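A short write-up of the structure that comes next.
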Amino acid sequence: MRVLTLNLWGAHEPLARRLDAAAAGIAALAPDVVLLQEVRAGAEIENTALGLARRAGGDWHTAYECSTPVRDGEEGLAILARAPLAGTHAIELPEARPDERRILLSARLGEVWLHTTHLHYRLGDGLAREAQVVAASAAARACGAGVHIFGGDFNAPPDADEIRFLAGRTTLAGQRAVWQDAFARVHPDERGVTWARRNPMTDELAFLERDRRIDYIFVSPETRDGRARVLDCRVVLDEPVDGTWPSDHFAVVADVTV
């Protein structure tokens, strides 16, 4: 199964051209699943997950959940899949704020569970993100047996405790988790930057510290029969298309045996 994760960057302009650029990349990569963050919808704007799917072409099944009301609409998470989704549900994560509610969106595709999230973004939000990953990891694994793929914008680099927790390298709240960091599994000595200085779309939030890997695909532990094996993982959608960058984030794509 090929899974791609991308933060769509809300409704920032040039929105239509950005969606066109993202869709062109997705069409070329041909993922089976796309995990999306900062999906925007409202009276004046088509749900951007649906708009992206329409531009990418083919048949897509969609799960969407609002996380936070925003001016003139709402913002949330979405899962796009080439086959029907089942068991779709969302839970609220800890440390919600009036203008910043965070959720975990989950859905089942055959015997594979898909999950996506978007954590608090400020550099000083580490403790909040710790609480969020503990809750998200537990909720994801509680969905049931099978391969689990968990992607999104975690707003933290690999050496942060919240990411180390997911990779099984530290304890938080008396709990341990064991997920494979797909990119690190394939490229243990590479940085894999997804929030990059060379992308001018990051200039607006340059104070957040750029040139970091903050977007991830995590996979449940590989089983004896080879399921959940990470075959490949790379950073993609990391160049402009006809002068337009798809987002302020680069995407990550992984191939996983399911």
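The values are calculated or read from the model by the stated rules, or taken from the named source; none is laboratory data. Keep in mind that what you see is a predicted model, and the values were worked out from it rather than measured. Cβ: placed from backbone, ideal geometry, glycine included. Neighbour counts: every protein chain shown.
Results for (1) in contact with a Pro (Cβ under 7 Å, 6 or more places away or on another chain); (2) on the phi > 0 side of the Ramachandran plot, shown as yes or no for each residue.
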{"position": "Gly146", "(1), (2)": "no, yes"}
{"position": "Phe154", "(1), (2)": "no, no"}
{"position": "Asp161", "(1), (2)": "no, no"}
{"position": "Leu172", "(1), (2)": "no, no"}
{"position": "Ala184", "(1), (2)": "yes, no"}
{"position": "Gly192", "(1), (2)": "no, yes"}
{"position": "Trp195", "(1), (2)": "no, no"}
{"position": "Ile217", "(1), (2)": "no, no"}
So, first residue within 17 Å of Trp113 (Cβ to Cβ) in the range 221-237, second residue of a type in the set (D, E, K, R) and not in a loop (DSSP other than H, G, I, E, B), Cβ within less than 6 Å, six or more apart or across chains; the pairs are Val230/Arg185
Taking the range 10-42 as the region of interest, how many residues are touching a helix residue (DSSP H, G or I) at 6+ places or on another chain (Cβ under 9 Å), surrounded by fewer than 22 Cβ atoms within 10 Å (Cβ to Cβ) and at positive phi? 1
Mind checking whether some residue in the range 165-174 is of a type outside the set (S, T, N, Q), closer than 19 Å to Ala78 by Cα, at pLDDT 95 or above and in contact with a Phe, Trp or Tyr (Cβ under 9 Å, 6 or more places away or on another chain)? no
Scanning the range 196-217 for residues that are part of a helix (DSSP H, G or I) and of a type in the set (D, E, K, R), which turns out nearest to His12 (Cα to Cα)? Glu204
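In the range 235-253, which residue that is assigned to a strand (DSSP E or B) and touching a Leu at 6+ places or on another chain (Cβ under 8 Å) is surrounded by the fewest Cβ atoms within 10 Å (Cβ to Cβ)?
Top of the filtered list is Val236.
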Thr116, sole failed condition from (1) crowded, with 16+ Cβ neighbours inside 10 Å; (2) in contact with an Asp or Glu (Cβ under 8 Å, 6 or more places away or on another chain): (2)
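Is it fair to say Phe218 is under 25 Å from Pro94 (Cβ atoms) and under 13 Å from the mean Cα position of the chain (by Cα)?
yes
Do any strands (runs of 3 or more DSSP E) entirely within the range 23-142 hold 2 or more residues that are at pLDDT below 95, and if so, which?
Filter on the range 23-142 gives 61-70.
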Odd one out for Asp232, checked against (1) closer than 23 Å to Leu19 by Cα; (2) part of a strand (DSSP E or B): (1)
What about Ala78, is it within 30 Å of Ala145 (Cβ to Cβ), in contact with a helix residue (DSSP H, G or I) (Cβ under 8 Å, 6 or more places away or on another chain) and surrounded by 22 or more Cβ atoms within 10 Å (Cβ to Cβ)? yes
Within the range 221-238, restricting to residues that are among the acidic types (Asp, Glu) and within 22 Å of His249 (Cα to Cα), the one that is nearest to the chain's Cα centre (by Cα) is Asp238
Subset of the range 132-155, residues touching a helix residue (DSSP H, G or I) at 6+ places or on another chain (Cβ under 9 Å), among the aliphatic types (A, V, I, L, M) and surrounded by fewer than 24 Cβ atoms within 10 Å (Cβ to Cβ), comes to Val134
May I ask you to verify whether Gly58 is touching a residue at least 24 places away in the same chain (Cβ under 8 Å), closer than 21 Å to Leu237 by Cβ, surrounded by fewer than 17 Cβ atoms within 10 Å (Cβ to Cβ) and not aromatic (Phe, Trp, Tyr)? yes
Does the range 83-113 hold any residues that are buried (at least 17 other Cβ atoms within 10 Å of the Cβ), more than 15 Å from the chain's Cα centre (by Cα), charged (D, E, K, R) and within 24 Å of Val3 (Cβ to Cβ), and which are they? Arg108
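Looking at Asp211, Asp215, which one is crowded, with 16+ Cβ neighbours inside 10 Å and more than 16 Å from Thr257 (Cα to Cα)?
From the options Asp211, Asp215, the qualifying one is Asp215.
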Does the range 144-164 hold any residues that are of a type in the set (Asp, Glu) and either assigned to a loop (DSSP other than H, G, I, E, B) or closer than 12 Å to Arg213 by Cα (or both), and which are they? Asp153, Asp159
